[in-house]
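Contents: one structure, followed by commentary.
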Amino acid sequence: MTKFALLVRLEAKPGKEQEVAAFLKSALPLAQEEAGTIQWFALQIGPSTFGVFDTFNDDSGRQAHLSGPIAKALMEKAPELLAKDPVIESVELLAVK
């Protein structure tokens with residue numbers, strides 16, 4: 001059962017909303033290549049608030065994702081695109097359908 005997840009919240013700088021959305025959409029092929037990432041969702045929560053929610057069967061998959069190419073690219077682009085540091089929360093899934 002998928003038991004582990006990450007919930008990431010991103011706040012775009014004013015005027016950078018479309019660039020953040022484009023960045024997240026462009027990360028999909030990288031997520032698809034990660035064997036340990038079971039599901040990966042990029043979302044827009046509000047006009048300038050975005051998020052990523054991804055699931056893993058084990059903590060090693062979660063840790064691999066946190067040190068993988070999407071995380072590296074996000075941290076490189078963060079000063080240019082984000083109003084503040086990403087909020088990254090490790091989540092334990094209690095029930096999954």
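The values are calculated or read from the model by the stated rules, or taken from the named source; none is laboratory data. No experiment lies behind these values; they were computed from the predicted model shown. Note: ideal-geometry Cβ built from the backbone for every residue, glycine included; neighbour counts use all protein chains shown.
Pairing residues of the range 24-42 that are in contact (Cβ under 8 Å) with a residue 24 or more places away in the chain with residues that are loosely packed, with under 12 Cβ neighbours inside 10 Å and not in a strand (DSSP E or B), at Cβ distances under 7 Å and at least 6 apart in sequence or on separate chains, gives GLY36/SER60. For the residues LEU66, LEU82, the requirement of being farther than 26 Å from LYS97 by Cβ and either in contact (Cβ under 8 Å) with a residue 60 or more places away in the chain or among the polar types (S, T, N, Q) (or both) singles out LEU82. Within the option set ASP58, ASP54, ASP85, being in contact with a Phe, Trp or Tyr (Cβ under 6 Å, 6 or more places away or on another chain) and among the charged types (D, E, K, R) holds for one residue only, ASP54. Residues in the range 83-97 that are charged (D, E, K, R) and either modelled with pLDDT under 95 or not in a strand (DSSP E or B) (or both): 3 in all. Out of (1) buried (at least 17 other Cβ atoms within 10 Å of the Cβ); (2) more than 21 Å from MET1 (Cβ to Cβ); (3) among the charged types (D, E, K, R), what's the single condition that is false for LYS25? Here LYS25 meets the rest and fails (1).
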